[in-house]
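Rule-based calculations on the coordinates, nothing more; no lab input. Quick caveat: nothing in here was measured; it's all calculated off a predicted structure. Note that we place each Cβ from the backbone using ideal geometry, even for glycine, and neighbour counts take in every protein chain shown.
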Amino acid sequence: MLHGWQGENPKKPGAPHNVRLYSIASTRYGDFFDGKTASLCVRRAVYYDPETGKEDPSKNGICSNFLCNSKPGDKIQITGPSGKIMLLPEDDPNATHIMIATGTGVAPFRGYLRRMFMESVPAYKFGGLAWLFLGVANTDSLLYDDEFSKYLKDYPDNFRYNRALSREQKNKSGGKMYVQDKIEEYSDEIFKLLDNGAHIYFCGLKGMMPGIQDTLKKVAEQRGESWEEKLSQLKKNKQWHVEVY
Ligand code: FDA
Ligand code: A2P
């Protein structure tokens, strides 16, 4: 995760803005494999007045708009990285990694998948299974879809990719298709993989977690298992990784 800021803090004259957090969407080698770049996947925070429905630019997000408006060559202050929860465990190159993302939450997984399928590093030859569930509004808002589709074509035995397009697809109750609906659809396989030691990661909207927990609890109960016990075991085994915001 990186922190980026720019300008003066309105509440503390002379001090920079408070840091904003962004997940890193590349590996330590960067996108050009020379270790000189880091990628972010930034969503512009735009404010709409709840009463008029109109955009109010005075309340738009400071850092995200600064980053989205920046041009090649602009100087940006960053610090980090920090936090270890989303570091890809590389001790077992044949492990299973189930990744659940909404929107920009795909960032860390984009980095993992580059390490697994794009980079050639002697210490890590991935031979396991990476399974990405990505939730976005529609086809136009898919992120890194070309990269992921290429991995699917080149590594069909090691990569699975499921998309939940909330405003284009319906779930089985006729509501929006969310990542938790996809998890439910594949719950048998997911539970078996978790029982065999798979890592599961969640990154993106905080709001997805209650829905996901409800889905997993429902599935566990259908299987005659206690979700509370299973979850505490997953946490104890360091299989459960969450970074939501
Ligand atoms: P700013 O902090 O200025 O404003 C915050 C929100 O408040 C904005 O939505 C803004 O419109 C609204 N606002 C401003 N003034 C207001 C007012 N007067 N009244 C009401 N509302 C007002 N994001 C991302 O795009 N990619 C990523 O990879 C990540 N990763 C990530 C990891 C972790 C661990 C965390 C905690 C968070 C992220 N985020 C993220 C979220 C990101 O940090 C967040 O969107 C930015 O901090 C927003 O910063 P801004 O400076 O743009 O908004
Ligand atoms: P929607 O906005 O159609 O309700 P965002 O672009 O805001 O980061 O959102 C990414 C995706 O996550 C969108 O498809 C959005 O759907 C979806 N989403 C919003 N709320 C939830 C939730 N509670 N659980 C799962 N997905 C959600």
Among the numbered criteria (1) outside any loop (DSSP other than H, G, I, E, B); (2) out of contact with any Ser or Thr (no Cβ under 9 Å at 6 or more places or on another chain); (3) under 28 Å from Asp214 (Cβ atoms), which single criterion is violated by Gln180? (2)
Okay, strands (runs of 3 or more DSSP E) sitting entirely in the range 10-115 with 2 or more residues that are surrounded by 14 or more Cβ atoms within 10 Å (Cβ to Cβ) and not aromatic (Phe, Trp, Tyr), I get 20-22, 96-102
Failed item in (1) part of a loop (DSSP other than H, G, I, E, B); (2) among the polar types (S, T, N, Q); (3) touching a strand residue (DSSP E or B) at 6+ places or on another chain (Cβ under 9 Å), with Ser173 passing the rest: (3)
Please state which of the following conditions Ala220 fails to meet, knowing it meets all the rest: (1) surrounded by fewer than 17 Cβ atoms within 10 Å (Cβ to Cβ); (2) away from ligand 2 (no atom under 14 Å from the Cβ); (3) without any contact (Cβ under 8 Å) to a residue 60 or more places away in the chain; (4) not hydroxyl-bearing (Ser, Thr, Tyr). (1)
Could you say whether any residue in the range 197-204 is in contact with a helix residue (DSSP H, G or I) (Cβ under 9 Å, 6 or more places away or on another chain), within 9 Å of ligand 2 (Cβ to nearest atom) and of a type outside the set (Val, Ile, Thr)? yes
Given (1) at positive phi; (2) free of Cβ contacts under 8 Å to residues at least 24 places away in the same chain, where does Pro57 come up short, assuming only one miss? (1)
Cross-chain or 6+ apart pairs with Cβ under 7 Å, the range 71-87 first and on the phi > 0 side of the Ramachandran plot, then in a loop (DSSP other than H, G, I, E, B): Gly80/Met1; Gly83/Met1
Could you tell me whether the range 126-137 includes any residue that is surrounded by fewer than 20 Cβ atoms within 10 Å (Cβ to Cβ), away from ligand 2 (no atom under 16 Å from the Cβ) and assigned to a helix (DSSP H, G or I)? no
Hits in the range 22-54 - residues which are of a type in the set (Ser, Thr, Tyr) and within 16 Å of ligand 2 (Cβ to nearest atom): Tyr22, Ser23, Tyr47, Tyr48
All-but-one check, Glu184 against (1) farther than 15 Å from Ala137 by Cβ; (2) within 11 Å of ligand 2 (Cβ to nearest atom); (3) charged (D, E, K, R), failing number (2)
The range 138-154 - residue that is surrounded by 15 or more Cβ atoms within 10 Å (Cβ to Cβ) and part of a loop (DSSP other than H, G, I, E, B) and, of those, nearest to ligand 1 (Cβ to nearest atom): Leu143
Can you tell me which residue within the range 90-125, out of those that are touching a Cys at 6+ places or on another chain (Cβ under 9 Å) and aliphatic (A, V, I, L, M), is farthest from ligand 2 (Cβ to nearest atom)? Met99
